[in-house]
Amino acid sequence: MEITEKKKVRRDAVYLAIKAALIVGIFALVFTFIFGLGRVADASMYPAVKDGDLVLFYRLDKQFVQSDVCVLRVDGKLQVRRVIAVAGDTVDITDEGLLINGSLQQESGITEETKRYDTEVSFPLTVGEGQIFVLGDSRENSEDSRMYGCIDADAALGKVITIIRRRGI
């Protein structure tokens, strides 16, 4: 092998290493600032999202609407919850069930009754500007806005865009 060929191989190896580092860097930036990936560690969203699933979420859109699924961090734990009400909506939980703006909600996929928790959150409540009210789909087992009240939409990590099923396929 000639010296020029060795230099050529060395130069190509350096270029390849630079390209690989650039791809890894772009991937890290995208998953740090634009998208996020989190592992669900509870059954609060069962059956839509199961314990052990991975959720891919979009960090840049904080304009939530009713029925969006969002990712939050509450007391240091990652939570996935469904948006039930947004700014200006009035939420009440009665013996009849969940009422939004006075209308009884008929939610598909929710098989458990929505009941009040014995906490400091009092109903009916009106969701403040820039806030959302969230509930888990597994209503009897969920730590959600019935416990900690409305949350700031900006405090949410993002909207779930896909679920990657890891168990129970």
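The values are calculated or read from the model by the stated rules, or taken from the named source; none is laboratory data. All values reported here derive from a predicted model rather than from experimental measurement. Note that we place each Cβ from the backbone using ideal geometry, even for glycine, and neighbour counts take in every protein chain shown. Heads up: the accessible areas ignore ligands, DNA and RNA and are worked out on the full protein's heavy atoms, side chains in. Shrake-Rupley method; radii C 1.70, N 1.55, O 1.52, S 1.80 Å.
Numbers for the structure displayed
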item	result
Neighbourhood charge, 13 Å Cβ-Cβ cut-off, centred on residue 74 and excluding it, Lys, Arg +1 and Asp, Glu -1	-1
Reciprocal of mean inverse Cα separation for region 49-97 (Kirkwood radius, Å)	13.0 Å
Qualifying aspartates and glutamates (Cα of each under 16 Å from Cα of residue 77; at least 8 residues distant if same chain)	42, 51, 53, 143, 144
Accessible heavy-atom area order of 111, 4, highest first, probe of 1.4 Å	111, 4
Per-residue ³J(HN,Hα) for region 55-72, Karplus 6.51 cos²θ - 1.76 cosθ + 1.60, θ = phi - 60°, Hz, x for Gly and Pro	10, 9, 10, 9, 7, 8, 9, 10, 8, 7, 10, 4, 5, 4, 9, 10, 10, 10
Largest-first principal axis extents of the Cα set of region 29-126 (Å)	46, 27, 27
3J(HN,Hα) from dihedral phi, region 41-47, Karplus parametrisation 6.51/-1.76/1.60, rounded to Hz, x for glycine, proline	10, 8, 9, 5, 10, 4, x
Calculated P(r) of region 89-169 - Cα pairs past 17 Å, %	53 percent
Unit charges on C-beta of K, R, D, E only; dipole of the chain, Debye	1580 debye
Rounded accessible area of residue 113 (nearest 10 Å², 1.4 Å probe)	110 Å²
Percent of Cα-Cα distances greater than 12 Å, calculated over region 84-129	63 percent
Calculated [θ] (222 nm, deg cm²/dmol) that DSSP helices of n ≥ 4 give over the chain, each run adding -39,500 (n - 2.57)	-6000 deg cm²/dmol
Loop-located trypsin sites (Lys or Arg not before Pro) in region 54-134 whose Cβ has at most 15 other Cβ within 10 Å (DSSP)	115, 116
Residue 74 long-range amide H proximity, modeled H, under 5 Å	79
Computed Kirkwood radius, in angstrom, where 1/r is averaged over Cα pairs of region 1-86	16.4 Å
Accessible area in the full protein assembly, largest first, 1.4 Å probe, for 27, 123	27, 123
Heavy-atom accessible area order for 114, 90, largest first, 1.4 Å probe	90, 114
In degrees, nearest ten, helix 3-29 long axis to first principal axis of the chain (Cα)	10 degrees
Positive dipole terminus of region 1-46, leading residue within 26, 16, 4 (C-beta point charges)	4
Rounded percent of accessible protein surface that carbon and sulfur make up, the chain, 1.4 Å probe	55 percent
Around residue 101: net Lys/Arg minus Asp/Glu count, Cβ-Cβ under 11 Å	-2
Convex hull (Cα only) mean projected area of the chain, reported in nm² to one decimal	13.4 nm²
Å² of accessible area per residue within region 53-169, as computed with a 1.4 Å probe and no ligands counted	54 Å²
